[in-house]
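Reviewing the structure listed below.
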Amino acid sequence: MSKVKVRLGIVAVQGAFVEHRRVFERLGAECVEIRNARLLDECDGLVLPGGESTTQGKLARELSLFEPVRAAILRGVPTFATCAGLILLAERIVDDSARYFATIPCVARRNAFGRQNASFTTALDVRGIGAFPCVFIRAPYLESVGKDVEILATYCDRVVGVRYRNQWGFAFHPELTDDDRLASQYLADVVSYAARIRS
Amino acid sequence: MTQKDKDKDMSNISTSERVLVNRGLAQMLKGGVIMDVTNAEQAAIAERSGAVAVMALERIPADIRAVGGVARMSDPKLIREIQRAVSIPVMAKCRIGHIVEAQILAALDIDFIDESEVLTPADDVYHIDKRQFTAPFVCGARDLGEALRRIAEGASMIRTKGEPGTGNIVQATRHMRRITTELSRLKSCREDEIFELAKEFRVPISLVDETRRLGRLPVVNFAAGGVSTPADAALMMLLGAEGVFVGSGIFKSGDPAKRAASIVQAVTNYDDPKLLAKVSEDLGEPMVGINEDEIELIMEERGR
């Protein structure tokens with residue numbers, strides 16, 4: 001898709017990281033699974049997959065991945081997060097003292113729609129894309145977002161997709177559908193970031 | 001839930017969407033450890049130790065084995081207490097073929113139902129028609145045919161039927177290897193051979209064809225039964241499991257929280273022997289195991 005060959009780091013401590021890998025490889029990006037900090041500096045983009053945020057957050061700390069990943073995000077490396085990944089990026093989590101990367105000024109509510117019975121799919125109007133198939137699985141939503149956070153998608157007035165500087169966060173799972181448009185948009189961001197830092 | 005509510009519930013969501021979100025939940029659990037717990041306190045320990053989900057049980061398999069008699073679905077009160085104690089998904093077991101136990105678990109808003117051979121089967125011919133439920137099901141399988149039969153019935157996740165409560169990994173290893181071998185055979189077979197395979201597996205041709213094209217099961221496959229050390233868990237991942245269930249192995253050991261956290265680490269880093277050495281250190285007493293030829297009750301034979 002692009003002239004600049006980019007390498008994405010898929011944070012792979014737990015969850016549906018293979019699904020992201022399949023999407024981005026389909027789009028022509030090189031993907032590496034990140035389980036320790038070694039390969040992190042060679043990545044032009046970071047992907048935080050769905051899974052259990054409590055497990056992922058704990059493992060990231062134990063594997064000394066936490067500070068390096070946070071530093072990369074703050075340095076401006078384009079970051080794409082879905083579901084649990086979005087929770088890890090939230091500055092605060094409702095009814096939870098845990099804080100993870102906390103790099104997007106917003107407040108997330110975990111399992112916000114309820115247990116698995118309340119999981120659903122729907123088409124939502126995603127900013128810059130149009131109607132997009134959205135898969136919500138024990139999904140969070142954002143109760144509030146900071147003033148510089150761009151809202152990309154809402155469901156019943158709840159924020160479920162945002163962009164903040166170099167970070168893209170979604171409460172749903174684009175990687176579980178065949179629709180690669182969101183991933184492509186993000187990848188275009190990664191390409192221009194890579195071109196910029198390499199020049 | 002009244003029948004009317006149920007109809008409304010079902011009409012809100014189409015079957016293919018339900019399949020997507022239910023198989024999807026299993027995908028989110030990948031690379032994780034699902035732990036058996038018997039009370040709210042153990043559930044909280046499991047969550048703090050990094051479990052991706054807990055299995056709510058009245059008795060862990062080792063005790064089911066020791067006590068004997070008929071093992072049934074757990075008390076709903078216990079399940080509710082465990083649901084209140086944690087924020088991760090809560091699973092519970094019903095007996096094979098026990099449609100009403102499954103309906104009761106669904107009414108409790110359970111996140112995943114395990115139609116399990118660990119409990120005494122309620123039906124020696126039929127499994128539950130899992131397509132009739134909104135809730136996802138996980139079922140055990142010893143080979144590819146068994147896995148595909150459960151998927152055809154609507155299972156959203158498969159696990160091996162390693163002998164529960166024994167602390168012995170040998171059966172789970174056998175099932176994992178068998179499924180992998182049979183999958184590679186299916187992947188490399190000629191297209192005109194799928195009709196005969198569908199007969200052998202006793203499943204629709206379309207499911208055999210889908211699996212052949214994917215080169216893997218259409219749902220997530222975990223290892224279960226006999227996992228008691230970080231090395232056991234890593235072995236299962238090495239052999240192709242996408243995550244592990246740990247039953248008696250944790251809360252029958254000397255230091256459950258430490259062992260649980262180590263097994264979680266081992267699943268993520270199964271290909272890093274140095275790290276495995278570190279997390280295997282000083283875990284205290286493991287559960288006492290039972291050898292295959294010492295077992296009186298073979299649970300894997302239940303429900304085929």
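The values are calculated or read from the model by the stated rules, or taken from the named source; none is laboratory data. Since this is a predicted model, take the numbers as computed values, not measurements. All Cβ positions, even for glycine, are placed from backbone atoms using ideal geometry, and neighbour counts span all protein chains on display. Heads up: the accessible areas ignore ligands, DNA and RNA and are worked out on the full protein's heavy atoms, side chains in. Shrake-Rupley method; radii C 1.70, N 1.55, O 1.52, S 1.80 Å.
Taking the DSSP beta bridges with both ends in the protein assembly as shown, the antiparallel portion is around 35 percent.
Divided by 2.2 N^0.38 Å, where N counts the residues, the Cα radius of gyration of chain B comes to 0.96.
Divide by every residue of chain A the summed helix terms, -39500 (n - 2.57) for each DSSP H run of at least 4, and state the resulting mean residue ellipticity at 222 nm, rounded to the nearest 500 deg cm²/dmol. Calculated mean residue ellipticity at 222 nm is -8000 deg cm²/dmol.
Is any residue of the range A:155-182 close enough, with backbone N under 11 Å, to a label point placed 7 angstrom from the Cα of A:THR122 along the Cα-Cβ axis, and if so, which? Of the residues in the range A:155-182, A:155-160 have backbone N under 11 Å from the label point off A:THR122. In this rough spin-label picture, where each label sits 7 Å from Cα along the Cβ direction, the B:THR120-B:ARG48 distance is 3.7 nm. Peptide B:264-272 has a mean of 4 when you count, residue by residue, the C-beta atoms of other protein chains within 10 Å of its C-beta. Near B:LEU25, once Lys and Arg are set to +1 and Asp and Glu to -1 for all other residues with Cβ below 12 Å from its Cβ, the sum equals +3. Here's the picture: charge each Lys and Arg Cβ at +1 and each Asp and Glu Cβ at -1 in the range A:7-198, and of A:VAL149, A:THR103, A:CYS31 the one pushed furthest to the positive end of that dipole is A:THR103. Using alpha carbon centroids, what distance separates the range B:77-144 and the range A:64-106, in Å? Answer, in whole Å: 34. Structure note, pairs B:LYS30/B:LYS258; A:LYS58/A:LYS147; B:LYS130/B:LYS252; B:LYS77/B:LYS161; A:LYS58/B:LYS161; B:LYS93/B:LYS199: Cα-Cα distances above 26 angstrom occur for A:LYS58/A:LYS147; B:LYS130/B:LYS252; B:LYS77/B:LYS161; A:LYS58/B:LYS161; B:LYS93/B:LYS199. Packing, as the average of other Cβ atoms within 10 Å across residues, places the peptides A:107-118, B:248-259, B:105-116 in the order B:105-116, B:248-259, A:107-118, highest first. If only the Cβ of Lys and Arg carry +1 and only the Cβ of Asp and Glu carry -1, the dipole of chain A around its Cα centre is close to 300 debye. In this rough spin-label picture, where each label sits 7 Å from Cα along the Cβ direction, the A:GLU42-B:LYS187 distance is 2.5 nm. Between B:ASP63 and A:ILE197, the modelled label-to-label distance comes to 5.2 nm, taking each label 7 Å out from Cα in the direction of the beta carbon. Indicate the gyration tensor shape class of the range A:7-198 (rounded, prolate or oblate), computed on the Cα atoms with a ≥ b ≥ c the square roots of the eigenvalues: a/c under 1.5 is rounded; otherwise a/b larger than b/c is prolate and the rest oblate. Cα axes put the range A:7-198 in the rounded bin.
When all protein chains stay in place and ligands, DNA and RNA are ignored, the 1.4 Å accessible-area order of B:PHE137, A:PHE120, largest first, is A:PHE120, B:PHE137.
Using a 10 Å cut-off around each Cβ of peptide A:105-117, what is the average number of partner chain Cβ atoms that fall inside?
On the way: counts 0, 0, 0, 0, 0, 2, 4, 0, 0, 1, 8, 15, 14.
Average per residue, whole number: 3.
Annotation: extensible slack from A:ARG7 through A:GLU33 equals 8.3 nm (criterion: 0.36 nm per residue apart, minus Cα-Cα distance). Among B:PHE133, B:PHE222, B:PHE195, the largest mean-square fluctuation in a Gaussian network model of chain B (Cα springs under 10 Å) belongs to B:PHE195.
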